1. Residues Ala12, Ala5, Ala19, Ala30: which one is open to solvent by 30 Å² or more (accessible area, probe 1.4 Å) and modelled with pLDDT under 90?
2. Hey, can you tell me all the residues within segment 48-62 that are in contact with a Phe, Trp or Tyr (Cβ under 9 Å, 6 or more places away or on another chain) and under 14 Å from Glu96 (Cβ atoms)?
3. Tally the residues that are at pLDDT 70 or above and part of a helix (DSSP H, G or I), restricting the search to segment 96-146.
4. For segment 49-93, which positions are of a type in the set (Phe, Trp, Tyr) and open to solvent by less than 70 Å² (accessible area, probe 1.4 Å)?
5. Restricting attention to segment 51-68, does a residue exist that is under 30 Å from Asp140 (Cβ atoms), of a type in the set (A, V, I, L, M, F, W, C) and modelled with pLDDT of 90 or more?
Amino acid sequence: MAFPAKYPSLNAMEMTDEAKQTLIRVLRVAFPHADFPDGPYERTADTILVAADEETWFRVALIQGLLSLDQLADGDFCGLDDDSALKVLRRVESTEFFGFVRRTAVLNLYDDAEVWERLGYEGPSFDKGGYINRGFADLDWLPEPRIVYPEDEPLPELGAGAKGVRSGSAAGDDSTNQPAPQSVEMGEVKK
């Protein structure tokens, strides 16, 4: 539902196909991924257009912002190379227009199943029984963790020259932060 604006001319403002193409170009420059197909960018642009249609303020900000981009680009934002287009976006990054586009795009572009596939994300696991039952540790790009470290090698999390608990250290030594048996005894409590 579009909320009516005070001035009827604002209600009549609509996005043209050219403006939608400019918005898609904004998304590609602001969120650059060379291997992403056009689909996720187009669906994100459609989501932005629906959100703008529901709120007059955002519709006006979006239309004015897109017109401003073309003005700043000497008439053709879509025709700029990526570096030049990024420079134009840097000039408008503090505007309401760009904030609206950024907020909406971050939430929607990276919540697209086609993007998940490109990034290697398997998606939510709740409906598939959780991660534990479907490959909790199936990351094949991580090195296998070392469980036992040689005695002469410093522990990586403590740094060089640090002393700490080694695997295979004797039980009962005082190398933990737990209280020793002698420190557990409490003295008499007086009122």
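The values are calculated or read from the model by the stated rules, or taken from the named source; none is laboratory data. This one's a predicted model, so the numbers in the text were calculated from it and none came from an experiment. A quick note on method: Cβ atoms are made from the backbone with ideal geometry, for glycine too, and the neighbour counts reach across all protein chains shown. Calculation scope for accessible area: heavy atoms of the full protein, side chains included, ligands and nucleic acids excluded. Shrake-Rupley method; radii C 1.70, N 1.55, O 1.52, S 1.80 Å.
1. Exactly one residue qualifies, and that residue is Ala12.
2. Of segment 48-62, the ones in contact with a Phe, Trp or Tyr (Cβ under 9 Å, 6 or more places away or on another chain) are 48, 51-52, 54-58, 61-62.
Scanning segment 48-62 gives Ile48, Ala51, Ala52, Glu55, Thr56, Trp57, Phe58, Ala61, Leu62.
3. Residues flagged as at pLDDT 70 or above and part of a helix (DSSP H, G or I) within segment 96-146 amount to 24.
4. First, pick out the residues of segment 49-93 that are of a type in the set (Phe, Trp, Tyr): 57-58, 77.
Phe58, Phe77, listed by residue number.
5. Residues of segment 51-68 under 30 Å from Asp140 (Cβ atoms): none.
No, segment 51-68 contains no residue that is under 30 Å from Asp140 (Cβ atoms), of a type in the set (A, V, I, L, M, F, W, C) and modelled with pLDDT of 90 or more.
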